[in-house]
Structure formats: C-alpha cells, structure tokens
1. Scan the range 168-199 for residues that are of a type in the set (Ser, Thr, Tyr), open to solvent by 50 Å² or more (accessible area, probe 1.4 Å) and in a helix (DSSP H, G or I) and report the count.
2. For the range 101-132, give me the residue count where each residue is part of a loop (DSSP other than H, G, I, E, B) and of a type in the set (Asp, Glu).
3. Consider only pairs whose beta carbons are under 7 Å apart and that are at least six residues apart or on different chains; among these, list those whose first residue lies in the range 134-153 and is under 17 Å from Ala114 (Cβ atoms) and whose second residue is open to solvent by less than 60 Å² (accessible area, probe 1.4 Å) and among the aromatic types (Phe, Trp, Tyr).
4. Can you tell me which residue among Met158, Met138 is assigned to a helix (DSSP H, G or I), under 25 Å from Arg96 (Cβ atoms) and in contact with a Leu (Cβ under 9 Å, 6 or more places away or on another chain)?
5. Phe214: open to solvent by less than 40 Å² (accessible area, probe 1.4 Å), assigned to a loop (DSSP other than H, G, I, E, B) and over 30 Å from Glu115 (Cα atoms), yes or no?
6. Note down all Cβ pairs under 7 Å where the first residue falls in the range 222-237 and is touching a residue at least 24 places away in the same chain (Cβ under 8 Å), the second is small (Gly, Ala, Ser) and in a helix (DSSP H, G or I), and they're at least six residues apart or on different chains.
7. Hey, can you tell me all the residues within the range 173-207 that are aliphatic (A, V, I, L, M) and in contact (Cβ under 8 Å) with a residue 24 or more places away in the chain?
8. From the set of residues in the range 146-167 that are farther than 21 Å from Glu200 by Cα and among the hydrophobic types (A, V, I, L, M, F, W, C), which is most open to solvent (accessible area, probe 1.4 Å)?
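The values are calculated or read from the model by the stated rules, or taken from the named source; none is laboratory data. In this text, all values refer to a predicted model and were calculated from it rather than measured experimentally. Every residue, glycine among them, receives a Cβ derived from its backbone with ideal geometry; neighbour counts consider all protein chains shown. Keep in mind that these areas ignore ligands, DNA and RNA; they rest on the heavy atoms of the full protein, side chains included. Shrake-Rupley method; radii C 1.70, N 1.55, O 1.52, S 1.80 Å.
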Amino acid sequence: MRDYYKILGVRQNATLAEIKRAYREKAKILHPDVAGTSERQELFNEVTQAYRVLSDSRQRSIFNESFFMRGGAGRSGEREFNYYEWLSNRTDDESRAKLIFYTLMHHREDEAVAEFKRMQMSRTDFSLKKWFTREDFMDYGYILAEELCIRAEYYDAMILLEQIIQTEHSYHYFYIFFPEVVSFTLNILHRNIDGVIADELAIDVYERALELRFGDKEDAFFLRKMGDEYKRLGDLATSSICYRESEKLLR
C-alpha cells in the first residue's frame, strides 16, 4: 500500500487545508494538460487518489488504521504513526468522536465510555452521529450503549439508543435484529430508570421514549412513570395530567 501522505508531501497530522494546498500545487505541475507524458499522467493519478482518500474523513480514518496500525510505515524505516496518540492529542469534536469508537473497538471500553461521558457533559451539541456513516454509527453506537449499561450509565445509554432507533425508522439497517434493539431499550426503560436515575433525568428519558413508536401500551407505561416522577417532585398538577393521559391509552 502506498503512503498517501508521502505522495502529497504532507505530514501525517496535516490539516484538511494543508492537504488541499499540497494537492493543488502538485496538480498544477502534473496535470496532463500541462505535463503531457504518460509518466506524469501516472503520477497525477497517484496524487489525485491520495487527495481523494486524505480529504475524506472516513476514508482517511480507514487508511490510517490499515496503513499505519498494520506496520505500513514501519517497512520504510520511518517512525510508525500512532493513530491513537494522534487522535488523543486533538480537541476537535470529530477527532474525539473517532477516539471514542477507536478505543471501543480496541479493547479500551472504559476509556471509550469515559470519553463519551466527558464530551456529553462538556459539549452540549456533541454528536457521534455527525461524524460517521449511518451504518457505523448504528453498529458502534449500539455496542457503546451496551458498555454504558454494563457500567450503570443508563441515561447516556438511552440518549444513544434513542438516536439509533430514530435512525432505524428512517433508514432500515438492523432489519431482523431490530427487535433485539427494541427489547434491549425497553428492558432499560422498565428496569433501570425509575428510582435509579434522578427524577428530572427520568422524566426526560420517558418523554423521549414517547417519540420512539413503541405502541399505546408502552406509552401508557411511560406516562404513568412520568406521573410518579412528577408526584415525587411535588408537581401534582402535571402528575395528574400524565396519569389521565396514561388511562386514555389503555381504554
């Protein structure tokens, strides 16, 4: 496998702007309309391919893992690029999101969970979904939700599962496995929310659950639980509304 960073003449931690600039400079010299020879054509094709890979965040991530983490750079005598270290030293949301899934898939589950929780608390608009294909987000997101539940981080798990289920409704990916996702989510909602997490967070979870199309019976359950939560918080008026709405769904 060719080293695309070397082909473009950029550092392994080059920014997108640096990659674009390097490509433009080489393309001016090697473009067939300027150079004309078959040798230059081949070089131009290599530069173009390198640019296509390194300018796309997903393809660049795959290249980094396959080339550097499997020793591609080591054979040339260069210092092996440490993708984990590179991600760890970056503070942008995309790198932190990729670090979460990278550690999750490299047997560093505790680190993945800790980083996810840290980003959720420190960046109100942080989203894993933004930086991955729908398939990758749904696969890795579900695995991360399982790890969060193992560590009793039920609220954070539900935030992820909500996004996964909503994505499945608009884009079928899990297909025959979706009932397993639904069962896992409902198990958390029935067993690990009421009396386990703070009342305010529990209300938020049940409100989100009402949007996930689980059916009237489950929605009645969520409303009844919301009524219990509001009652404990001293909001008897809202509690009564929730109880009444729950009863309507069961008629």
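1. Residues in the range 168-199 being of a type in the set (Ser, Thr, Tyr), open to solvent by 50 Å² or more (accessible area, probe 1.4 Å) and in a helix (DSSP H, G or I): 3 in total.
2. Of the residues in the range 101-132, 1 are part of a loop (DSSP other than H, G, I, E, B) and of a type in the set (Asp, Glu).
3. Short answer, once both residue conditions are applied: Tyr140/Phe101; Leu144/Phe116.
4. Being assigned to a helix (DSSP H, G or I), under 25 Å from Arg96 (Cβ atoms) and in contact with a Leu (Cβ under 9 Å, 6 or more places away or on another chain) holds for just one of Met158, Met138, which is Met158.
5. yes
6. Here the result reads Phe222/Ala209; Leu223/Ser246; Glu229/Ala202; Tyr230/Ser239, each pair linking the range 222-237 to a residue that is small (Gly, Ala, Ser) and in a helix (DSSP H, G or I).
7. Val181, Val182, Leu186, Ile188, Leu189, Ile193, Val196, Ile197, Leu201, Ala202, Ile203, Val205
8. The qualifying residue most open to solvent (accessible area, probe 1.4 Å) is Ile150.
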